[in-house]
Amino acid sequence: MAELAASAPLPAYHGGSVLPGFRRSMLFTLVYLGVIVMLPLAAVLVRGFDEGLGHFAKVALSDRALAAYKLSFGAAAVAALINAVFGLLVAWVLVRYRFPARRLLDALVDLPIALPTAVAGIALTAIYAGNGWVGQWLEPLGIKIAFTPTGVVIALVFIGLPFVVRTVEPVLADLGKAQEEVAATLGAGRWMTFRRVLLPAIAPALLTGVALAFARGVGEYGSVIFIAGNMPYTSEIAPLLIVIQLEQYDYVGAAAIAVVMLSVSFTLLLAINLLQGWSRRRMGMGARA
Amino acid sequence: MSSVFQSAGSEMPWVRRGLIALALAFLALVLLLPLAAVFVEALRGGFGAYFEALLEPDALAALRLTLTVAAIAVPLNLVAGVVGAWAIAKFEFPGKQWLITLIDLPFSVSPVISGLIYVLLYGAHGWFGPWLAERDIEIIFAVPGIVLATTFVTFPFVARELIPLMHEQGREAEEVALSLGASGWRTFTRVTLPNIRWALLYGVLLCNARAMGEFGAVSVVSGHIRGETNTLPLHVEILYNEYNFVAAFAVASLLALLALLTLALKAVLEWRHGDQLAAGRVALDRAD
């Protein structure tokens, strides 16, 4: 530990402040991050290529793995699009209108984040299984939701909703009505005002929320595995495939699939950071105008 | 003129009512229906069966483990979150944005991968596996692994709540305290801590809810040994896979109650102390 302190690139640097504890708190943060986050993540990257590129490609790009990515990414994308529409609607209604139980519902929007995913998973299955609350009415119509890719989408809509609502809400609230009133006095109808004035203003926040919901959906496990059916090639999500590889003690195979998923997650994280920067600049401009 | 502005900022009444109805129907279907399903299915066998499922030894062992894991992981991340936020928000240094991204990283990693990374390090075939086996130290398929995975998953909550707030508060108050002769530690406990207490509580609340409810990451490292390495969410899964639905939903209802309690406390914090939480999420209430 003493060696690490000596080699840390912060000699006599006080972080531009007279406040004490910069070096100590920074060192603690870096060590904690290193042990809890960086070292374990490095292990995945290294282990994924442990048996060479050939083996990596064989596992990470097998037909079964490709089908699993397709389901995970596809279902997450569909769910994110559904949440783009309904999340915007919910945010709009919660911010702009007053009605009974509004605050209660606003607090409940975070339920998918607070509710353990396994609980959500069995609850959704109880609702959408063939003999379930809703499923029993859909089954005679030939509509199956649980144990099909549709079930995966339903679970991811549940999981992703708060991300869209919570990203859009503050922007809608900050927007004020001045621009809309100007548009109206210039003769624009309500729909045109929404499309030409409001939508462009909230677009960055909406996109950020959708990206956050998509990123969460891609990696989601607990709420999905109960309702998905988990049949290879049709209803098996990528995180489940990692679990299956691990159960067969194929650490390298599990790590290989994890590397693919992590690359996508980090790309998304980068995109979300850029989107948030854009969103903040857009909001700043709106406030000045 | 004012009547023009009145109608300009709002929709026709029938459009407004339609939008409210549509949003309520969506929220009822997506949020309320699953919540209701948990409690109705849990009580399907009556209160006798409900409490029997909760008081059964394996369920109690799972409850104990869940509380133990949260009691270790949450304080760890509380300290790390405060220290990290202090370093990031109160000082200027190159690479700050990168550090913030690193702290947020666990949120963008799949829960399954959050467990896998520790299996790759400490599992029987992991990097440190043989070394640990020689010394009879069990991490994976034991409690330490569950604590590690939970700590990873819940790491960002406290730090990401504190960083924007402490950044916004600046460091004048602390500088004044120091110039008046207060020690560094005294400045922190008497000046900084009171300024961030509600945000800290908010972060800890969310951190705790996730720590007690985490499923994917814990499932990978636990080994599912009944009565030993089963947390409450894992116990729900085992009961469900054994077709013991009433018991599964009974245990699930306990976790759902925890979630509702978390949301209630969170709402109270936002309404009472919204101005002392990180900016942004309180904008809704300011607009009232």
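The values are calculated or read from the model by the stated rules, or taken from the named source; none is laboratory data. Computed from a predicted model, the values in this text were never measured in an experiment. All Cβ positions, even for glycine, are placed from backbone atoms using ideal geometry, and neighbour counts span all protein chains on display. Note: areas computed on protein heavy atoms with side chains; ligands, DNA, RNA excluded. Shrake-Rupley method; radii C 1.70, N 1.55, O 1.52, S 1.80 Å.
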Q: Out of B:232, B:260, report the one residue that is closer than 26 Å to residue B:197 by Cβ, more than 7 Å from chain A (Cβ to nearest Cβ) and at pLDDT 95 or above.
A: B:260
Q: Scan (1) touching a residue at least 24 places away in the same chain (Cβ under 8 Å); (2) open to solvent by 50 Å² or more (accessible area, probe 1.4 Å) for the single condition residue A:185 breaks and write down its number.
A: (1)
Q. When residue A:16 is evaluated against the numbered criteria (1) within 30 Å of residue B:176 (Cβ to Cβ); (2) modelled with pLDDT of 90 or more, which criterion, by number, is the only one it fails?
A. (2)
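Look through A:139, A:181, A:169 and report the one residue that is more than 12 Å from chain B (Cβ to nearest Cβ) and either part of a helix (DSSP H, G or I) or aliphatic (A, V, I, L, M) (or both).
On the way: A:181 fails: more than 12 Å from chain B (Cβ to nearest Cβ); A:169 fails: more than 12 Å from chain B (Cβ to nearest Cβ).
A:139 is the lone residue from the list that is more than 12 Å from chain B (Cβ to nearest Cβ) and either part of a helix (DSSP H, G or I) or aliphatic (A, V, I, L, M) (or both).
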Q | Selection from the stretch A:146-180 of residues that are without any contact (Cβ under 8 Å) to a residue 24 or more places away in the chain and charged (D, E, K, R) | A | A:177, A:180
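Show me the helices (runs of 4 or more DSSP H) found entirely inside the stretch B:81-158 where at least 3 residues are of a type outside the set (Gly, Ala, Ser) and farther than 20 Å from residue A:270 by Cβ.
Numbers: elements: B:96-104, B:111-122, B:129-134, B:143-154.
Of the helices (runs of 4 or more DSSP H) lying wholly inside the stretch B:81-158, those with at least 3 residues that are of a type outside the set (Gly, Ala, Ser) and farther than 20 Å from residue A:270 by Cβ span B:111-122, B:129-134, B:143-154.
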Q: Filter the stretch A:225-241 for residues that are touching a Ser or Thr at 6+ places or on another chain (Cβ under 8 Å) and either open to solvent by less than 10 Å² (accessible area, probe 1.4 Å) or without any contact (Cβ under 8 Å) to a residue 12 or more places away in the chain (or both) and give the result.
A: A:227, A:228, A:235, A:237, A:238, A:239
Q: Tell me which of these residue B:189 doesn't satisfy, since it passes every other one: (1) of a type in the set (Val, Ile, Thr); (2) in contact with a Lys or Arg (Cβ under 9 Å, 6 or more places away or on another chain); (3) surrounded by fewer than 19 Cβ atoms within 10 Å (Cβ to Cβ).
A: (2)
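Do we find a residue being in contact with a helix residue (DSSP H, G or I) (Cβ under 9 Å, 6 or more places away or on another chain), closer than 25 Å to residue B:39 by Cα and basic (Lys, Arg) anywhere in the stretch A:175-183? If you could, list the steps in order and put the result at the bottom.
Initial filter on the stretch A:175-183 (in contact with a helix residue (DSSP H, G or I) (Cβ under 9 Å, 6 or more places away or on another chain)): A:175-177, A:179-183.
With closer than 25 Å to residue B:39 by Cα added as a condition, the list becomes none.
For the stretch A:175-183, residues in contact with a helix residue (DSSP H, G or I) (Cβ under 9 Å, 6 or more places away or on another chain), closer than 25 Å to residue B:39 by Cα and basic (Lys, Arg): absent.
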Q: Consider residue B:201 carefully, then state whether it is more than 11 Å from every other protein chain (Cβ to nearest Cβ) and under 23 Å from residue A:104 (Cβ atoms).
A: yes
Q: Output the number of residues of the stretch A:109-133 satisfying the condition of being open to solvent by 40 Å² or more (accessible area, probe 1.4 Å) and over 24 Å from residue A:165 (Cα atoms).
A: 2
Q | Flag for residue B:114 being hydroxyl-bearing (Ser, Thr, Tyr), open to solvent by less than 40 Å² (accessible area, probe 1.4 Å) and within 7 Å of another protein chain (Cβ to nearest Cβ) | A | no
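Looking at A:105, A:115, A:111, A:81, can you tell me which residue is more than 22 Å from residue B:256 (Cα to Cα) and aliphatic (A, V, I, L, M)? Break it down stepwise before answering.
Values: A:105 fails: more than 22 Å from residue B:256 (Cα to Cα); A:115 fails: more than 22 Å from residue B:256 (Cα to Cα); A:111 fails: more than 22 Å from residue B:256 (Cα to Cα).
Checking each option against the conditions leaves just A:81.
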Q | helices (runs of 4 or more DSSP H) fully within the stretch B:1-42 counting 1 or more residues that are at pLDDT below 95 | A | B:2-8, B:13-27
**Q.** Contacts under 7 angstrom Cβ, first residue in the stretch B:126-138 being at negative phi, partner assigned to a loop (DSSP other than H, G, I, E, B) and open to solvent by less than 100 Å² (accessible area, probe 1.4 Å), 6 or more apart
**A.** B:129/B:123; B:132/B:139; B:133/B:124
Q: Give the residue, chosen from B:216, B:223, B:203, that is surrounded by fewer than 24 Cβ atoms within 10 Å (Cβ to Cβ) and either under 19 Å from the mean Cα position of the chain (by Cα) or modelled with pLDDT under 95 (or both).
A: B:223
Q. How many residues does the stretch B:66-105 contain that are free of Cβ contacts under 8 Å to residues at least 24 places away in the same chain and crowded, with 22+ Cβ neighbours inside 10 Å?
A. 1
Q) Of the residues A:82, A:145, which is of a type in the set (Val, Ile, Thr), modelled with pLDDT of 95 or more and either assigned to a loop (DSSP other than H, G, I, E, B) or open to solvent by 10 Å² or more (accessible area, probe 1.4 Å) (or both)? A) A:82
Q | Residue list for the stretch A:26-65, filter: within 14 Å of chain B (Cβ to nearest Cβ), in a helix (DSSP H, G or I) and over 27 Å from the mean Cα position of the chain (by Cα) | A | A:26, A:27, A:28, A:31
Q) Restricting attention to the stretch A:193-213, does a residue exist that is part of a helix (DSSP H, G or I), basic (Lys, Arg), farther than 23 Å from residue B:121 by Cα and in contact (Cβ under 8 Å) with a residue 24 or more places away in the chain? A) no
Q. How about the stretch B:43-52: which of its residues are open to solvent by less than 50 Å² (accessible area, probe 1.4 Å) and either more than 31 Å from the chain's Cα centre (by Cα) or at pLDDT 95 or above (or both)?
A. B:45, B:46, B:50
